[in-house]
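The values are calculated or read from the model by the stated rules, or taken from the named source; none is laboratory data. This one's a predicted model, so the numbers in the text were calculated from it and none came from an experiment. Reconstructed Cβ throughout: ideal geometry from the backbone, glycine too, with neighbour counts over all protein chains shown. Only protein heavy atoms, including side chains, enter the accessible area calculation; ligands, DNA and RNA are left aside. Shrake-Rupley method; radii C 1.70, N 1.55, O 1.52, S 1.80 Å.
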Amino acid sequence: MAKNTKIKKIIIGNWKMNPQDSIKAKEIFTSIRKTARTLTKIKTVICPPFVYISELRKLVNTDRIAVGAQNAFYENEGSYTGEVSPSILKNCGVAHIIIGHSERRAKGETNEIVNKKVLKVIGEKMTVVLCIGEKERDHAGEYLNFLKAQIKESLNGISKKELNNIIIAYEPVWAIGKSDKEAPQPADIYEMTIYIRKVLSDMFGSDVASMVPVLYGGSVTSKISLGILKDGKVDGLLIGRQSLDPQDFSITLKQANDL
Ligand code: 13P
């Protein structure tokens, strides 16, 4: 993947709407940081609820761990009650923003809205973690067309150069929030990364497409993370529940670093 040759994998924790208070948030973050700061080949990014970002940023004392965001609005400022913009997040020290998570798409976020957000984040020279993923698989392979449309419409108007600031997270909706036994097999994930790169290659050319990090997300625990990283050949992981469990998450971080 990346331009920085030393960093081989990126592991992103999506805390979703957890934990319930900042004391717990700082406790979990500090514990993850203890492991992350020793690992030279990976970058760890924790995406907490917005309200914890500034406090967690104060705990960052190494560039091996960063604080990201779970969402942003498609305008930078103005009368948009309840929204948080890419520029505000940038001023809080955020560089990575998850856009188009399936839990937001389920609440009406269309590819068109995702695209507007992607363009705004890129406009701030920040990194987009673009989530894509089918709700279900069908024998006719229609889900592949669904994924293709998600990629094409979400990245509409992005230049080759701007693709440098895009990370794709493949998160099949059917594998999110389940047990690790229900996650796709590494070989399946590998095939999906090939397909995603093919779509990117058709859009932007194979030279730049091969540089885009492709991550996997959905029910990852330390029991399956090594297989996904190794045989799924992904550039990293986007992890939900496990990223709130510093012990298990740290095992995955070490696996990614030791590959
Ligand atoms: P889980 O790891 O809890 O299945 O969540 C995955 C996810 O949605 C990360 O964005």
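At 1.4 Å probe size, with the rest of the protein present, what percent of the exposed accessible area of the range 165-230 is carbon and sulfur atoms?
57
State, as an integer percentage, the relative contact order of the chain based on alpha-carbon contacts under 8 Å between residues 6 or more apart. Provide the component values of the computation, followed by the final result.
Values: 492 pairs, mean separation 56.4, N = 259.
For the chain, the relative contact order is 22 percent.
Sorted by packing (mean other beta-carbon atoms within 10 Å per residue), highest first, where do 240-250, 136-146, 197-207 land?
In descending order of packing, they fall as 240-250, 197-207, 136-146.
Quick one: net charge around Leu59, please, counting Lys, Arg +1 and Asp, Glu -1 for every other residue with C-beta under 10 Å from its C-beta.
So the environment of Leu59 carries a net charge of +3.
Radius of gyration and Dmax for the range 126-259's Cα atoms, expressed in Å?
Considering the range 126-259 through its Cα atoms, Rg and Dmax are 14.7, 41 Å.
With just the Cα atoms defining each centre, how far is the range 82-155 from the range 179-257? Give it in Å.
The range 82-155 and the range 179-257 have Cα centres spaced 17 Å from each other.
What pairs in Lys125/Lys152; Lys58/Lys233; Lys6/Lys230; Lys120/Lys161 have C-alpha atoms more than 22 Å from each other? Write down the numbers at each step before the final one.
Working: Lys125/Lys152 20 Å; Lys58/Lys233 34 Å; Lys6/Lys230 18 Å; Lys120/Lys161 15 Å.
Exceeds cut-off: Lys58/Lys233.
What is the sum of charges around Phe249, taking Lys and Arg as +1, Asp and Glu as -1, for the other residues whose C-beta is under 13 Å from the C-beta of Phe249?
+3
Mind checking which lysines have their C-alpha under 17 Å from Lys135, skipping anything on the same chain fewer than 8 residues away?
Correct list for Lys135: Lys107, Lys148, Lys178.
Would you mind working out the accessible area per residue for the range 9-258, using a 1.4 Å probe, and quoting it in Å²?
Solvent-accessible surface per residue comes out at 46 Å².
What are the trypsin sites (Lys or Arg not before Pro) within the range 92-131 that DSSP puts in a loop, where the Cβ has at most 11 other Cβ atoms within 10 Å?
Passing both the DSSP loop test and the Cβ count: Lys107.
Obtain the nm distance between the two label points defined at Gln185 and Arg197 by a simple spin-label model: each point lies 7 Å from its Cα along the Cα-to-C-beta direction.
2.1
Using 0.36 nm per residue, how much length does the chain from Lys16 to Lys223 gain when fully extended, once their Cα-Cα distance is taken away?
Contour length minus Cα-Cα distance gives 72.3 nm.
How much length would be gained if the chain were fully extended between Lys24 and Glu75, taking 0.36 nm per residue of separation minus their Cα-Cα distance, in nm to one decimal? Numbers along the way, then the final one.
Working: separation 51, 0.36 × 51 = 18.36 nm, distance 3.15 nm.
Result for the pair: 15.2 nm of gain on full extension.
What is the Cα coordinate range of the chain on the first, second and third principal axes, sorted by size from largest, in whole angstrom?
Result, largest extent first: 48, 46, 34 Å.
What does the net charge come to around Tyr216 if you take all other residues with beta carbon closer than 13 Å to its beta carbon, with K and R at +1 and D and E at -1? Walk me through the intermediate numbers first.
Values: positive: Lys9, Lys230, Lys233; negative: Glu171, Asp180, Asp188, Glu191, Asp231, Asp235.
Computed value for this residue: -3.
How long is the range 36-158 along each principal axis, judged by its Cα atoms, biggest number first, in Å?
The principal-axis extents, from largest down, are 50, 41, 25 Å.
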